[in-house]
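**Q** First the structure, which I've put down as structure tokens, then a few questions once you've had a look.
Please treat every number below as a calculation from the coordinates, not as lab data. Keep in mind that what you see is a predicted model, and the values were worked out from it rather than measured. Cβ: placed from backbone, ideal geometry, glycine included. Neighbour counts: every protein chain shown.
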Amino acid sequence: MKKADFLWVGIILAISMLFVIPETKAAFETATTAYPYLMGFIKTAILASMGELLASRIRKGTYLPNQGIIIKFFVWGFLGMIFVLAFKLFAGGVAAAQTANLLPALTQYSFWSNLLTAFLISLLMNLLFAPTFMILHRITDTYIEMGQGKPRDIVKVKLVDVIDRIDWKMFFSFIVLKTIPFFWIPAHTITFLLPENYRVLMAAYLSIALGVILSIAKYMKTVKNQSITNLNKQA
């Protein structure tokens, strides 16, 4: 490990300690209740940006420079605000549907009852909301990439060029059809077992894990493409 790796781990541990120390934990919960959108922005922007840096480390061997990291910080913050609303909508919607007997529910209040509700929230959110969110995120990332992280160049990029640039086959075959059922649905089931103030925070931490998964997937794709190219040259 390099010094930068220890620094990255140290920052994550320092952030995590804020939710363990009683005084800062209480301040966090109070602020999250009073300013949900602002806290959603801050939590997601910081932790997801840390995930971006880690993904860059895995793919390129260095944390910096990471193209457009400042712009991505604000994009992630905006997405964090969307999480705040989406989590509330789906949690409340599933509870209302269960009350109306439109979704299954266990009558006896217990861990299993909570688990079933959390699973249903995660399932419906990831089937109905996640693909749209993922498309939005992929488009914003591609805008930043094609504009080389410079605002004056990003605004010149055309949407049609962004759409042409995205690898939609990889997006649907891996991002949608694999990460949603095998990662996001189980992970968000755990998320919705947590107290409400910690759900968006958990989602922000999960973005770090997803960054690692996507980096590994891109690396494997690159290796596969290189192997195919070498075989073609040999032929």
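**Q** Report the Cα centroid-to-centroid distance between the range 27-43 and the range 116-163 in angstrom, as an integer.
**A** Taking the Cα centre of each part, the range 27-43 and the range 116-163 sit 24 Å apart.
**Q** Measure up Lys3/Lys158; Lys25/Lys88; Lys43/Lys178 against 30 Å on the Cα-Cα distance and list the ones that go over.
**A** Lys3/Lys158
**Q** Could you pull the Cα extents of the range 18-77 along its three principal axes, largest to smallest, in whole Å?
**A** Each principal axis gives a Cα extent; for the range 18-77 these are 39, 23, 11 Å.
**Q** Based on the inverse mean of 1/r over its pairs of different Cα atoms, what is the Kirkwood hydrodynamic radius of the range 3-213, in Å?
**A** On the way: mean 1/r = 0.0539 Å⁻¹.
Kirkwood radius, the range 3-213: 18.6 Å.
**Q** Mind checking the angle between helix 36-60 and the chain's longest principal axis? C-alpha axes, 0 to 90 degrees, to the nearest 10.
**A** Helix 36-60 sits roughly 30 degrees off the main axis of the chain.
**Q** For the range 54-165, treating each Cα as an identical point scatterer without solvent, what Debye log10 I(q)/I(0) comes out at q = 0.22 1/Å?
**A** One equal scatterer on each Cα of the range 54-165 leads to -1.17.
**Q** Over the chain, what is the relative contact order in percent, taking alpha-carbon pairs closer than 8 angstrom and at least six residues apart? It would help to have the intermediate numbers written out before the result.
**A** Details: 200 pairs, mean separation 64.6, N = 235.
Over the chain, the number comes to 27 percent.
**Q** Using the Cα centre as the reference, give the magnitude of the dipole from point charges on the C-beta atoms of the chain (Lys, Arg: +1; Asp, Glu: -1; all else neutral), rounded to the nearest 20 debye. List each step's numbers first, then the result.
**A** Numbers: 22 positive and 11 negative charges, 173 e Å.
Computed charge dipole of the chain: roughly 840 debye.
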